[in-house]
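Undergrad: Next up is a structure, given as structure tokens.
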Amino acid sequence: MAAEKVETVIAGNYLEMEREGEGEEEGNSSFSAKTKLSKFFWHGGSVYDAWFSCASNQVAQVLLTLPYSFSQLGMLSGILFQIFYGLMGSWTAYLISVLYVEYRSRKEREKADFRNHVIQWFEVLGGLLGKHWRNLGLVFNCTFLLFGSVIQLIACASNIYYINDKLDKRTWTYIFGACCATTVFIPSFHNYRIWSFLGLAMTSYTAWYLTIASLLHGQIEGVRHSGPTKMVLYFTGATNILYTFGGHAVTIPVTFCMWKPKKFKLIYLLATIYVWTLTLPSASAVYWAFGDLLLTHSNALSLLPRTGFRDTAVILMLIHQFITFGFACTPLYFVWEKFLGVHETKSLLKRAFARLPVVIPIWFLAIIFPFFGPINSAVGSLLVSFTVYIIPAMAHMITFAPASARENAVERPPKKVGGWIGAYCMNVFVVVWVFVVGFGFGGWASLLNFVRQIDTFGVFTKCYQCPPPKH
């Protein structure tokens with residue numbers, strides 16, 4: 001009953017906003033047509049919108065670094081880690097949605113009004129577990145989203161270079177930093193309907209281009225598949241895959257924008273299944289064709305010959321990376337708005353100008369550390385491991401530790417996983433595995449690899465992994 005009440009309130013809020021617009025539409029048919037068109041492309045809160053948002057956000061530029069991970073892990077380990085972390089990520093995304101619904105239902109009993117306020121992960125943690133958990137969630141989530149945005153910006157510069165190398169990658173980073181700053185005008189995930197659909201379509205094209213182009217290209221002369229050869233490389237590759245399936249730092253904002261948030265619980269798993277149809281064939285095919293050469297080419301597009309199909313893939317990935325930049329930055333915008341006290345204002349222009357300072361440190365960090373593949377692994381081991389795996393599992397266990405909390409829970413663990421006992425066993429496994437393998441070994445390997453990149457290329461490098469100039 002509590003969950004149904006939450007769904008009714010959220011749906012009611014959106015319906016109320018729509019009715020406000022309907023009053024203005026009466027007697028104005030052209031305005032009515034524009035409004036209906038806007039709602040079709042702009043206002044999304046269905047299960048399908050959430051699925052597109054999750055799938056689109058989960059696989060963007062990381063698609064281009066997975067073959068690099070396969071060269072570090074070897075074919076078998078690469079495939080197994082994708083399946084393993086995909087399932088683990090789906091479980092913790094489910095836990096986050098459960099905690100959101102629990103928090104929302106408790107706040108609704110207190111007559112809280114979220115009509116102009118977007119609930120975020122750190123607020124859920126604070127409401128359920130206190131201020132220390134709130135601060136922990138805020139620090140980890142914001143830092144992860146900050147570097148997630150940095151990665152998208154680096155990827156934009158890396159990709160466009162393969163179409164136009166007259167400008168170096170650092171210059172392209174300046175340009176795309178300015179372009180990505182326009183995401184300040186997108187109010188929330190409720191307004192990503194058409195962008196999520198287009199983003200996933202673009203990534204699907206790129207994934208199948210990588211697969212087909214690699215198979216048609218065939219194996220290079222003397223190709224070697226020697227991975228794994230070093231423990232450092234092995235755990236670096238593994239943490240990149242951990243990062244791949246840790247895109248649910250935006251789960252709460254996506255769930256908040258759903259008309260019926262209780263239906264989110266299987267959405268991330270269904271999104272992951274689709275993502276596997278893109279990542280497994282493309283990474284396997286590229287690694288099969290180029291083997292160990294990928295160890296020095298973290299962007300898979302750099303190895304394929306320039307054709308119209310490749311240029312199309314680059315352009316589509318650029319657009320999708322712009323969309324994913326918005327996905328990663330939007331929760332940061334919300335935090336900054338709340339800090340400045342402008343989050344609940346109805347003026348989009350005022351909120352947009354307030355958001356602009358968030359883009360500046362992202363822009364700066366992308367110029368300092370333009371290491372495309374290694375930064376993925378470092379972020380995965382040090383930030384994703386806690387933000388979207390360890391903290392949600394621990395928060396779920398502590399929230400429902402009291403017997404009264406389990407008895408009154410809005411959403412109980414499904415019987416298929418063994419109820420509360422099964423859920424606790426899975427949570428303990430997630431915490432131990434990710435802490436030891438993801439954060440421990442992965443953090444050691446990723447930082448070592450990252451430092452090597454700095455020693456080799458230096459900070460503020462003008463053109464990371466660019467071919468030497470032709471004389």
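Undergrad: Which members of the stretch 199-246 meet the condition of being out of contact with any Leu (no Cβ under 8 Å at 6 or more places or on another chain), crowded, with 21+ Cβ neighbours inside 10 Å and over 24 Å from L383 (Cβ atoms)?
TA: Listed by number, the residues that qualify are L200, Y209.
Undergrad: Among the residues of the stretch 127-175, count how many are within 25 Å of M397 (Cα to Cα) and in contact (Cβ under 8 Å) with a residue 40 or more places away in the chain.
TA: Total meeting the criteria: 12.
Undergrad: Let me ask something additional. Against the definition (more than 20 Å from M75 (Cβ to Cβ), of a type in the set (G, A, S) and without any contact (Cβ under 8 Å) to a residue 24 or more places away in the chain), how does G341 come out, yes or no?
TA: Judged against the criteria, G341 is a match.
Undergrad: Would you mind telling me which numbered condition in (1) open to solvent by 30 Å² or more (accessible area, probe 1.4 Å); (2) more than 17 Å from Q72 (Cα to Cα) R310 fails?
TA: All conditions are met except number (1).
Undergrad: Identify all residues within the stretch 406-430 that are buried (at least 18 other Cβ atoms within 10 Å of the Cβ) and assigned to a helix (DSSP H, G or I); write none if there are none.
TA: A423, M426, N427, V430
Undergrad: For the stretch 366-378, does any single residue satisfy the condition of being assigned to a helix (DSSP H, G or I) and closer than 21 Å to Q120 by Cβ?
TA: no
Undergrad: Moving to a separate point now. For the stretch 325-361, how many residues are in contact with a Leu (Cβ under 8 Å, 6 or more places away or on another chain) and small (G, A, S)?
TA: Matching residues across the stretch 325-361 total 2.
Undergrad: Same structure again: Having 1 or more residues that are charged (D, E, K, R) is the bar; report the helices (runs of 4 or more DSSP H) wholly within the stretch 50-154 that clear it.
TA: Passing ranges, in order: 75-109, 121-129.
Undergrad: Which one is modelled with the highest pLDDT among residues in the stretch 105-147 that are of a type in the set (K, R) and out of contact with any Phe, Trp or Tyr (no Cβ under 8 Å at 6 or more places or on another chain)?
TA: Within the stretch 105-147, the match that is modelled with the highest pLDDT is K131.
Undergrad: Taking the stretch 295-309 on its own, how many of its residues are modelled with pLDDT of 90 or more and within 24 Å of the chain's Cα centre (by Cα)?
TA: 0
Undergrad: Then there is this: So, in the stretch 85-100, exactly how many residues are open to solvent by 10 Å² or more (accessible area, probe 1.4 Å) and more than 17 Å from A423 (Cα to Cα)?
TA: 0
Undergrad: When you scan the stretch 161-196, how many residues do you find that are under 21 Å from the mean Cα position of the chain (by Cα), loosely packed, with under 15 Cβ neighbours inside 10 Å and not in a helix (DSSP H, G or I)?
TA: 0
Undergrad: Given the criteria more than 17 Å from G148 (Cβ to Cβ) and open to solvent by less than 20 Å² (accessible area, probe 1.4 Å), does I390 qualify?
TA: In short, yes.
The values are calculated or read from the model by the stated rules, or taken from the named source; none is laboratory data. It should be emphasised that the depicted structure is a prediction, and the values quoted were computed from it without experimental measurement. Backbone-built Cβ (ideal geometry, glycine too); neighbour counts: all protein chains shown. Keep in mind that these areas ignore ligands, DNA and RNA; they rest on the heavy atoms of the full protein, side chains included. Shrake-Rupley method; radii C 1.70, N 1.55, O 1.52, S 1.80 Å.
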